[in-house]
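Asker: Structure below; questions to follow.
The values are calculated or read from the model by the stated rules, or taken from the named source; none is laboratory data. The model shown is predicted, which means the values in this text are computed figures rather than measured ones. We work out accessible area using only protein heavy atoms, side chains counted, and drop any ligands, DNA or RNA first. Shrake-Rupley method; radii C 1.70, N 1.55, O 1.52, S 1.80 Å.
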Amino acid sequence: MANPQSSGPDGSRINDQAQQSVAIAGGSLAYRRWGSSGEPVLLLHGLGDHGLVWQSLAMASDRFQWVAPDLRGHGNSHKPPQGYSSQDIIQDL
């Protein structure tokens, strides 16, 4: 997959990767990653949204490695018929 680069506010390069996925119990969890240096920061979206909602924040700074998943049942992640408790979602992460 291509790995496009974008410029941060200070002209530095930000790694803007395309969507990826990781296997979880019974399906897969889609996620996006931005940034190439600093500590990783996990960005979680709200009910009915998806991880791409965090793109503008992540593109504003390359100080961190931003990781934004599409939680189960959202965006491009697995949509099982049941299993949407907070414990199920935490288990996915």
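Asker: Taking H placed 1.01 Å from N in the peptide plane, check which residues at least 5 places from Ser77 or on another chain put their amide H under 5 Å from its amide H.
Answerer: Ala30
Asker: A further question on this structure: Subtracting the Cα-Cα distance from 0.36 nm times the residue separation, let me have the gained length for Gln20 to Tyr84 in nm, one decimal.
Answerer: Here the segment from Gln20 to Tyr84 would lengthen by 20.9 nm.
Asker: Which cross-chain or sequence-distant (5 or more) residues have an amide H under 5 Å from the amide H of Leu71, H modelled 1.01 Å from N in plane?
Answerer: The list, which skips near neighbours in sequence, is His45, Gly51.
Asker: Moving on to the next point. Mind ranking Leu71, Leu44 by accessible surface for me, highest first, 1.4 Å probe?
Answerer: Heavy-atom accessible area, descending, gives Leu44, Leu71.
Asker: For Gln55 and Ser28, calculate 0.36 nm times their separation in residues minus their Cα-Cα distance, and state this gained length in nm to one decimal.
Answerer: Here the answer is 7.6 nm.
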